[in-house]
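The values are calculated or read from the model by the stated rules, or taken from the named source; none is laboratory data. Given the structure is predicted, the values throughout are model-derived calculations rather than measurements. Here the Cβ is made from the backbone with ideal geometry for all residues, glycine too, and neighbour counts use every protein chain on show.
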């Protein structure tokens, strides 16, 4: 296996890149508390995308664990979790933040958001999506109580924690380093930070 290049995911921004079948994708929480909204599409068909609802159905889990596979809206295997050095707390329930999110939080003016990051990242590689699928929110800590109530807690991941995936089919990936700085989504300091990824061939 060749030595992989580490690519920075800038704080508050989104990036898009290809991940080929048979490679491994390592997503790194460099500073420990950054939530990463993560999407995947079939490389040759933007209508097929990684689906949180289909994955929950396929795995019977709200948070898939090591060995589980994230699947598409056609149940095609996309990403299998090989290793997770974090406590394994992620989110598959919440939408990404958007302009409307910050309007609801009474923020005045424009605020960076994962929805705009998603579409800008796709445009940057000459692609587009008619809508924004529900993301895999890596490292997000939004526990669900026995009463069905979702609470918003800071991430429990640590600096350098990573999730390693086996790429099951050719993918176009999009990752947004969530710019949320009003609530403690990105830690008690409410400070979005950069993160990183590697493609291991």
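Annotations
- The requirement of being farther than 22 Å from residue 118 by Cα and at pLDDT 95 or above is fulfilled somewhere in segment 89-100, by at least one residue.
- Scanning segment 151-161 turns up no residue that is part of a helix (DSSP H, G or I) and under 18 Å from residue 37 (Cα atoms).
- The single condition among (1) assigned to a loop (DSSP other than H, G, I, E, B); (2) in contact with a strand residue (DSSP E or B) (Cβ under 7 Å, 6 or more places away or on another chain); (3) surrounded by fewer than 19 Cβ atoms within 10 Å (Cβ to Cβ) that residue 64 does not meet is (3).
- Some residue of segment 127-136 being in contact (Cβ under 8 Å) with a residue 24 or more places away in the chain, closer than 15 Å to residue 25 by Cα, surrounded by 18 or more Cβ atoms within 10 Å (Cβ to Cβ) and in contact with a strand residue (DSSP E or B) (Cβ under 9 Å, 6 or more places away or on another chain): yes
- In segment 149-194, the residues that are at positive phi and either surrounded by 23 or more Cβ atoms within 10 Å (Cβ to Cβ) or touching a residue at least 40 places away in the same chain (Cβ under 8 Å) (or both): 160, 187
- Qualifying residue in segment 16-25 (condition: under 25 Å from residue 150 (Cβ atoms) and surrounded by 14 or more Cβ atoms within 10 Å (Cβ to Cβ)): no
- With respect to being crowded, with 16+ Cβ neighbours inside 10 Å and either at pLDDT below 95 or closer than 13 Å to residue 185 by Cβ (or both), residue 117 falls outside the description.
- The single condition among (1) crowded, with 18+ Cβ neighbours inside 10 Å; (2) assigned to a loop (DSSP other than H, G, I, E, B); (3) in contact with a strand residue (DSSP E or B) (Cβ under 8 Å, 6 or more places away or on another chain) that residue 122 does not satisfy is (2).
- Residue check, residue 33 crowded, with 19+ Cβ neighbours inside 10 Å, out of contact with any strand residue (DSSP E or B) (no Cβ under 6 Å at 6 or more places or on another chain) and farther than 17 Å from residue 132 by Cβ: yes
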